[in-house]
Amino acid sequence: MSVNIVAFGNERDALSEDSQQSSLMWSYLRRSALISEVDSSPSAELARSPVATEYQACVFGNVRLVVHDCPLWDIFDSDWYTSRSLIGGADIIVIKYSVNDKTSFQDLKDSYVPMIKKALNHCSVPVIISAVGARKNVPCTCPLCTLDRRSCVTTSEGARLAKEFGATYLELHALNDFYIQKYFGGVLEYFMIQSLNQKSSEKMKKRKKTQKCHRVQPPQLEQPEKMPILKGEASHYDSDLHNLLFCCQCADVAFYSEDCSKVVEAHKVILCSVSHVFMLLFDVKSPADIHDPSILRTAQSLFAVEDGAGLPTPHGLPPCSVPVRVVVKDPSFCSCLSDILHFIYSGAFQWEQLEEDIKKRLKDSEKTEHVLEKVKCILKAPGKLNSFQDCRSQQIKRLYNTSLRLFFNTPVLADVIFTIQGATVPAHRAVLVARCEVMAAMFNGNYLEANSILVPVYGVSKDTFLSFLEYLYTDSCCPASILQAMSLLICAEMYQVMRLQHICELYIITQLQSMPSRELASTSLSIVSLLKKAKFHNSDCLSTWLLHFIATNYLIFSQKPEFQDLSVEERNFIEMHRWPSSMYLKQLAEYRNYIHSPKCHCAVM
């Protein structure tokens with residue numbers, strides 16, 4: 001027997017200087033007297049996903065214990081299929097947060113707790129919510145005072161969240177022997193014992209049901225063949241945008257030093273997506289929109305925008321698009337500009353690497369500190385303290401998938417307009433070229449679109465194309481229905497965006513798997529039509545899965561008129577893999593005839 005524990009959240013204090021602090025689950029596994037044979041080597045599946053770590057150990061002697069520790073909530077945004085699978089196989093769920101990280105707690109409460117509730121789907125899985133750490137700034141208890149209320153997470157807030165979730169709430173002021181072994185460990189081991197007792201009870205019930213009687217038994221219905229498993233493709237969102245800086249396609253900004261020598265080219269939409277300084281510089285926002293004098297001072301002291309007339313038009317932009325010429329006033333900052341842009345284009349989360357690169361380039365501690373402070377000022381949000389103070393890579397996560405959304409379907413900085421079904425959709429060539437190889441060839445090759453502002457789109461609806469563009473900008477998509485997911489899959493195949501195609505395939509499969517038999521029998525959705533479309537648009541994984549799905553639900557689909565639209569080859573495959581099999585139905589008919597025949601009599605009487 002085994003117990004599966006899934007832990008979500010980061011219990012480390014964002015302001016703490018101790019970056020080597022052990023996690024809650026690892027501390028428990030090392031300290032508990034009931035745990036033995038701890039193995040922290042990641043499995044092959046998890047090795048491809050840096051957001052989760054797998055631990056294996058033995059508990060209560062010979063019970064296998066598997067712990068999946070996911071410190072980053074990104075797994076729900078980037079790989080919801082894996083996160084749902086982890087929750088579905090969990091016997092116990094642990095949710096952790098630092099009491100000194102109010103922002104992370106608010107994200108947990110507003111965004112991720114509803115996702116976990118939905119994935120649990122009313123299953124009775126015990127949940128433990130652990131508030132870790134000693135509060136450094138205890139908020140005022142006066143109801144009229146709100147001075148320190150955002151400094152830390154209060155006990156009442158944590159207890160209220162646990163009550164809404166139906167979870168057990170624990171406060172662990174330190175990860176020492178008392179809180180780990182006796183407090184957290186005691187509650188966790190109680191739920192382990194409950195889980196093992198429940199599994200033993202279910203095992204005994206199954207054993208009793210399988211005991212054979214001394215009479216003719218009905219035919220045994222075998223389980224249907226296992227469906228082909230589709231694995232999600234890892235996101236290459238950050239690398240796509242980072243590669244855009246290397247190739248400099250569709251660059252519309254040219255940075256120059258004060259001696260008029262060109263330093264590097266870049267893209268307005270990428271720069272503005274991470275910095276209000278660049279928004280101010282490129283007139284996306286006016287000084288009246290930014291009520292933060294430090295951002296205005298940074299923009300004025302670092303950069304000067306000059307007229308770009310007379311400069312050659314970069315390859316990939318229409319002739320009417322003239323690059324903006326920006327002079328960098330600070331010599332030290334200018335010499336490190338290429339490293340800073342690499343940092344921004346890679347998602348602005350490799351801060352330690354940026355520090356090392358600037359140190360090597362300048363070889364002066366004062367100049368290095370000066371340049372790093374300028375970078376922090378550039379990435380500063382208006383009206384907030386410098387969030388990059390004592391920053392670490394783990395706290396500065398991807399910026400694009402939220403900030404590039406600001407420029408989705410908006411004419412601000414747009415340099416291309418798609419015309420579709422009589423409507424217009426503005427977009428940005430830099431994002432399209434970075435995220436889609438077909439569009440990169442279209443805008444940089446010998447095609448009409450390379451020098452056109454208006455680009456017509458055929459073969460897809462406006463809503464489907466907007467969903468496609470939303471994925472390119474944000475690396476996420478949320479289809480409203482199976483039919484919409486299929487339309488988006490067709491669009492993804494048209495533009496050769498394979499990861500979006502796989503996401504749509506997984507969505508369709510997940511929705512069909514969740515349908516009960518009655519809904520499958522009564523639905524107007526044509527599975528055979530989906531199969532035909534999947535084959536026509538080279539979605540081999542989905543078409544193979546749909547064939548198995550029809551075969552597994554043979555008694556339902558064989559009664560529908562659309563079943564006759566299957567090809568001879570498809571029907572032969574379904575007959576070969578159908579469930580229940582024709583042999584079972586024949587044996588069942590013979591058994592029923594025997595039961596109702598005079599030869600059959602009650603063995604008990």
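The values are calculated or read from the model by the stated rules, or taken from the named source; none is laboratory data. Bear in mind that the values here come from a model prediction, so they are computed numbers and not experimental data. Using ideal geometry, Cβ is built from the backbone for each residue, glycine included, and neighbour counts are taken over all protein chains shown. Accessible surface areas use protein heavy atoms only, side chains included; no ligands, DNA or RNA. Shrake-Rupley method; radii C 1.70, N 1.55, O 1.52, S 1.80 Å.
How high is the relative contact order of the stretch 422-577? Use alpha-carbon pairs under 8 Å, at least six apart in sequence, and give a whole percent. Once normalised by length, the contact order is 15 percent. Taken along the Cα-to-beta-carbon direction at a fixed 7 Å, the label points for S261 and A33 span 7.1 nm. Taking a straight line from the alpha carbon of K374, these aspartates and glutamates sit under 19 Å away, with near neighbours fewer than eight places off in the same chain left out: E258, D292, D330, D339, E352, E355, E356, D357, D364, E366, D390. Taking 20 °C and 1.002 mPa s as conditions, the stretch 408-493 diffuses translationally at an estimated 161 µm²/s according to Stokes-Einstein applied to its Kirkwood radius (Cα pairs). Within the shell defined by Cβ-Cβ distances under 13 Å, the residues around K329 carry a net charge of -2, with Lys and Arg each +1 and Asp and Glu each -1.
Summary of packing: across the peptides 468-475, 164-171, the per-residue average of other C-beta atoms within 10 Å ranks them, highest first, as 468-475, 164-171. In order along the stretch 155-166, phi translates into HN-Hα couplings of 4, 5, 5, x, 5, 5, 4, 5, 5, 5, 7, x Hz, rounded to whole numbers, per the Karplus curve 6.51 cos²θ - 1.76 cosθ + 1.60 with θ = phi - 60° and x for Gly and Pro. For the stretch 443-521, with all protein chains in place and a probe radius of 1.4 Å, 53% of the accessible heavy-atom surface sits on carbon or sulfur. For K285, the residues 5 or more places off, or on other chains, whose built amide H falls under 5 Å of its own are L280. Each peptide in 185-193, 258-266 was scored by the mean count of other Cβ atoms within 10 Å over its residues; highest first, the order is 185-193, 258-266. A simple rule links phi to the HN-Hα coupling: the Karplus curve 6.51 cos²θ - 1.76 cosθ + 1.60 with θ = phi - 60°, which for the stretch 261-277 gives 8, 5, 9, 6, 9, 8, 10, 4, 5, 5, 5, 5, 6, 10, 8, 6, 5 Hz, with x for Gly and Pro.
What's the local net charge at K533, with K and R +1, D and E -1, over the other residues with C-beta under 15 Å away? Summing Lys/Arg as +1 and Asp/Glu as -1 gives -4. Taken over the C-alpha atoms, the stretch 502-605 has Rg and Dmax values of 18.1, 63 angstrom.
Along its three principal directions, the equivalent ellipsoid of the stretch 428-577 from the Cα gyration tensor extends over semi-axes of 35, 15, 12 Å, largest first. For Y256, the residues whose amide H sits under 5 Å from its own are V263, V326, V327, V328, ignoring neighbours fewer than 5 places away on the same chain, with H placed 1.01 Å from N. Converting phi to 3J(HN,Hα) with the Karplus coefficients 6.51, -1.76 and 1.60 and the offset θ = phi - 60°, the stretch 563-569 yields 4, 6, 7, 5, 6, 4, 5 Hz in sequence order, with x at every glycine or proline.
When the residues F76, F246 are ordered by accessible surface, computed with a 1.4 Å probe over the protein chains alone, the sequence from largest down reads F246, F76.
Largest accessible area first, the residues K163, K117 order themselves as K163, K117 under a 1.4 Å probe with ligands, DNA and RNA left out. The residues neighbouring I340, those whose beta-carbon lies less than 10 Å from its own, together hold a net charge of -1 under the Lys/Arg +1, Asp/Glu -1 convention.
Among 511-522, 87-98, the peptide with the highest mean count of other Cβ atoms within 10 Å heads the list, and the full ranking is 87-98, 511-522.
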